[in-house]
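Take a look at the structure below.
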Number of protein chains: 2
Amino acid sequence: MSQLIGIDIGGTKILGIVVDEDDPAVVQAEFRVPTPAGADNVLDAIAKVARELSVPLTSVGVGIAGLVDRDGVLQSAPNLPNLHQVPVREELFHRLGCSVAVDNDATCAAWGEHIAGAARGIPDATCITLGTGIGTGLIAGGEVIRGAHGFGGEAGHMVVDPAGPHCPCGRRGCWERMASGSGLGRLAREVAEAGRLDRVLELAGGELSALRGEHVAQAATEGDSQALDLLRAFAWWVALGLANLVTLLDSGIVVIGGGLVEIGEPLMSPIRDHYGNLVMAHDQRADVRVEPAQLGERAGAIGAALLGGRRAGR
Amino acid sequence: MSQLIGIDIGGTKILGIVVDEDDPAVVQAEFRVPTPAGADNVLDAIAKVARELSVPLTSVGVGIAGLVDRDGVLQSAPNLPNLHQVPVREELFHRLGCSVAVDNDATCAAWGEHIAGAARGIPDATCITLGTGIGTGLIAGGEVIRGAHGFGGEAGHMVVDPAGPHCPCGRRGCWERMASGSGLGRLAREVAEAGRLDRVLELAGGELSALRGEHVAQAATEGDSQALDLLRAFAWWVALGLANLVTLLDSGIVVIGGGLVEIGEPLMSPIRDHYGNLVMAHDQRADVRVEPAQLGERAGAIGAALLGGRRAGR
């Protein structure tokens, strides 16, 4: 029995958890603080959260939104611009004096689901997080696909529609533009502008510019048929990217986490329908399920804890 | 020093080769026969080729265009319909009495390039074959991405343009429709119809319907500016799919084989230019090269030989 510390760093909060490596789905303790401004303050806050959870420390795993290279240096971090080019692993090692692993947050969440969640026991898994953007962690042959620099799994920036909307990354039609929470909001505003989304617009206070994915979700939960139709159209784009990933990687399961899965069946059901039509050779892999994630908002921290323990050789 | 037999099964010919495992890029002997009709005849021909190359046999590796499952059963084979659902590995084991590995031909070619060709020593590699269609083998962390059923690496059927042309697989805008030799032919016919491909059309005997990618290649080699412009437009689609794969897998190198690479720099140069603009976070992975394959038309057979030797535990 060994205790592992995992910490998920977001733009607004730092969430630390303790799990036992023998039963990592059960969070034994957690501690969270707001994300402060300034690189040193963030690093100090991470160290404080870790010490709050366990003394002495043997391993810490950290998940961060952004491109984390194999040395634990943050090479790109839109939500944490202060940490750009900061050698997070080295800095935390100096502060904590124990083994530290640093990974992309979606990679951590995927590893959590693979070891302790919906993809448990399935060596090839595509795990995505549908939030404001799309996070992705890809597991092949029981291992995370990290790639040459550590940046593996950025499926949100796979181009799926060259004529699609511009993406802050500089290209057009990235999957994230179409199939994330912000993609749902954009689609909803287009449809509402054409006058075909009455209840959803009402929930947004009648303000087109205030309309968000959450309003669609709420109207769909009420059974509003226009919202349900919109979710079905949106689900096509989610399914297209998932189908591409399974066509490429022949994943044995697809796991969807993040805020949008809380919509439940009104979203999951059309995703499954479209996915079945869009994936290549569906008949030959009819056993591939598209399932909601099991670890919820702590998936990233749990996966980070497991990757931290693994790096420490435990 | 150990001799390995590799056999590449195509719709028109069966190519067998012998390599030494210590220097597998050098083909020591080869033997080829036309692909006969009928499943039993094909299996007998493969066995004959193997015995022609080496007696006694210790291992044989076979590459086949199509979806080969983890048991060596051909689950889909558009070019070899007679072999559909045939347990090729088991049948060949009965005929040959030695260890037999059966894989997708593009997977074999990728493994060949990874062990003995352009991707040698690079653990994460995307290897594609641009011919009539697009074959793909993906290497991550030094291993082939096989996936849950063995179907990993079907990048040709990644959808890159939902409004694109129909694909025989039943979907629209598969990468293969846009970026293969037949995609080049389709694009050329469109442009020629609009009257902007004079020399290419002349090479096709003035017949629009006879116009193929080869005519574009020939005109480009002559320096025809219209053909070069067309190749640049075509290269954008090749680069788009490559950029998607590197964005997903963070490959350390991209290797392009198949008939189209014989065009050389008039195709490779615009592919590299577009790739640099299309891949996510290019600045953070500027070391990723896009290179022509080194093993030529024998890449599949060489890779099959190596995978066969590996399966036999050598």
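Any read-out appearing in this document is the output of simple, stated calculations on the displayed coordinates, not a laboratory observation. Just so it is clear, the model here is predicted, and its values are computed rather than measured. Ideal geometry is used to build each Cβ from the backbone, glycine not excepted, and the neighbour counts take in all protein chains shown.
Here are the numbers for this structure:
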quantity: Normalised contact order of the stretch B:1-134, rounded percent, pairs of Cα under 8 Å and 6 or more residues apart; calculated: 20 percent
quantity: On Cα atoms only, tilt of A:265-278 relative to the major axis of chain A in degrees; calculated: 80 degrees
quantity: Inter-probe distance in nm under a simple model that places probes 7 Å from Cα toward Cβ, at residue B:29 and residue A:265; calculated: 6.6 nm
quantity: Cα gyration tensor category, rounded, prolate or oblate, for the stretch A:261-313 with a/c compared to 1.5; calculated: oblate
quantity: Cβ-Cβ FRET estimate between residue A:172 and residue A:208, R0 fixed at 22 Å, reported to 0.05; calculated: 0.40
quantity: The protein assembly as shown: calculated mean residue ellipticity at 222 nm from DSSP helix runs of at least 4, using -39500 (n - 2.57); calculated: -12000 deg cm²/dmol
quantity: Chain A: relative contact order in percent, alpha carbon pairs under 8 Å with at least 6 residues between; calculated: 22 percent
quantity: Phi-based couplings in Hz for the stretch A:282-287 (Karplus 6.51, -1.76, 1.60; Gly and Pro marked x); calculated: 4, 4, 7, 9, 5, 7
quantity: Cα gyration tensor, the stretch A:1-155 - rounded (a/c under 1.5), prolate or oblate; calculated: oblate
quantity: Neighbour-count order for A:13, B:48, fewest beta carbons within 10 angstrom listed first; calculated: A:13, B:48
quantity: Test item: Cα-centred dipole of the protein assembly as shown, Lys/Arg +1 and Asp/Glu -1 on Cβ, debye; calculated: 220 debye
quantity: Per-copy distances of the residue A:276 label point, shortest first, in nm (7 angstrom along Cα→Cβ); calculated: 4.7
quantity: Net charge over other residues, Cβ less than 13 angstrom from the Cβ of residue A:276 (K, R count +1; D, E count -1); calculated: +1
quantity: 14 Å beta-carbon shell around residue B:45, net charge (K/R +1, D/E -1); calculated: 0
quantity: Mean Cα-pair separation over length for the stretch A:82-238, i.e. relative contact order, pairs under 8 Å, 6 or more apart, %; calculated: 13 percent
quantity: Global geometry of the stretch B:84-217, whether rounded, prolate or oblate, following the gyration tensor of its Cα atoms and the 1.5 cut on a/c; calculated: prolate
quantity: Cβ charges +1 (Lys, Arg) and -1 (Asp, Glu), total dipole of the stretch B:1-104, debye; calculated: 320 debye
quantity: Residue-by-residue Karplus 3J(HN,Hα) for the stretch B:127-141, coefficients 6.51, -1.76, 1.60, Hz, glycine and proline x; calculated: 10, 10, 10, 9, x, 4, x, 10, x, 9, x, 10, 10, 10, x
